[in-house]
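For reference, the structure is listed below as C-alpha cells.
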Amino acid sequence: MTKPIEISASILAADFSRLADDIKRCEDAGVGRFHIDCMDGHFVPNLTIGPVIVEAVRRHTKLPLETHLMIEHPGAYIDQYAKAGADIIQIQAECYGRRRPSCRQWDQWPKEIDEVDTSSLRGDLKKIRGLGSKAFVVFNPGTPLCEEVLDDCDGVLVMSVNPGFAGQQFMLQALPKLKRLGSIFKGDIAIDGGINAQTAPLALEAGARVLITASYLFSADNFVDVIQGLKAGRPA
Ligand code: DX5
Ligand code: ZN
C-alpha cells in the first residue's frame, strides 16, 4: 500500500516573534509535522536554531518535531536535541568520513562526500534510536546515497537544495535518489528544499512521501490551500 503524503512545515520561514501563532496556523491547516533547521555556521554558511528553540516549540505542539542538524559533529549534540523533545533527528552523511577536496576547509560549501565512514554514522544512528527518537540520514545534492546504513534508519532525507537557506531553487538531481530509495527502502522518504506547486508533483512521482516546505508555505495567505495543493500535487 502506498504511504500517505505528509507535509512538514519548516519553521525557518516562520515569524520568530510570533512562533506560537505560526505553529497553531500550521496545525490548523493540517501539517503532519514540524521541521526545525539547526545550522552552525560551519557545516553550512548560516546560523539558526539550537535545542532551546526546539524546547520552546515542543511546548506548543504535540505533532512530531524533526530536527535537521546541519552542524559539525552532530553526534556530540544528539542527547541535547533528544532531551529538547525531537521525535526525529536528522544527521548529515557528510559529517562522517573524509570530504571531497573542494570542501575540506571550514568555509568551503556545499559539504560533499563520496565515501562515508559507515561505522561512525551507524553508531550515531543507533545512538538516536537508543534515546527513543527516530533516526534519519540526510544526503546533500552532490553526495551519493550510502545504502549500507539504511537498515539503521527510520527515514532518509534527500536534499534538493544545498543546505543553508530557505527560498532556493529545487535541484532536479534529487529525483533519481528518490526513485532509487523508493525501490529499496521501506522507511520515510523525505525531500527538503524548493518544494512548491511545480516541484511537489515531481518529488511525489519520484517516490517522496514527506514534503518539507518553508518559504512556499509561510509566504502564502491561505495555509490550507497550500497544504491540500501540495498533497494533491497541484497548485494552491
Ligand atoms: C535548507 C533547509 C530547508 C529549508 C527549506 O537548508 O534545510 O529545510 O528550510 O526551505 P524552502 O522550502 O524555502 O526551500
Ligand atoms: Zn531542512
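The values are calculated or read from the model by the stated rules, or taken from the named source; none is laboratory data. These numbers were taken from a predicted model, which means no experiment stands behind them. We place every Cβ from the backbone using ideal geometry, glycine too, and count neighbours over all the protein chains shown. Just the protein is used for accessible areas: all its heavy atoms, side chains included, with ligands, DNA and RNA removed. Shrake-Rupley method; radii C 1.70, N 1.55, O 1.52, S 1.80 Å.
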Checklist outcome for this item: Cβ pairs under 7 Å, 6+ apart or interchain, first in region 46-70 and more than 14 Å from Gly32 (Cα to Cα) and within 15 Å of ligand 1 (Cβ to nearest atom), second assigned to a loop (DSSP other than H, G, I, E, B) and open to solvent by 30 Å² or more (accessible area, probe 1.4 Å), ordered by first then second residue, are Asn46/Phe165
Checklist entry - Of all residues in region 210-231, which are away from ligand 2 (no atom under 15 Å from the Cβ) and either at pLDDT below 95 or out of contact with any helix residue (DSSP H, G or I) (no Cβ under 9 Å at 6 or more places or on another chain) (or both)? => result Asp221, Lys231
Item to check | Scope region 66-83; condition surrounded by 24 or more Cβ atoms within 10 Å (Cβ to Cβ) and not in a helix (DSSP H, G or I); matching residues | outcome: Glu66, Thr67, His68, Leu69, Met70
Checklist entry - Considering only residues of region 84-108 that are within 20 Å of Ile191 (Cα to Cα) and assigned to a loop (DSSP other than H, G, I, E, B), which is most open to solvent (accessible area, probe 1.4 Å)? => result Asp87
Checklist entry - From the residues in region 1-36 that are open to solvent by 10 Å² or more (accessible area, probe 1.4 Å) and within 12 Å of the chain's Cα centre (by Cα), which one is nearest to ligand 2 (Cβ to nearest atom)? => result Leu12
Checklist entry - With (1) outside any helix (DSSP H, G or I); (2) under 19 Å from Leu157 (Cβ atoms); (3) open to solvent by less than 20 Å² (accessible area, probe 1.4 Å) as the list, and Val54 as the residue in question, which single condition is left unmet? => result (1)
Checklist entry - Is it the case that Val161 is within 11 Å of ligand 2 (Cβ to nearest atom), assigned to a loop (DSSP other than H, G, I, E, B) and of a type outside the set (Phe, Trp, Tyr)? => result yes
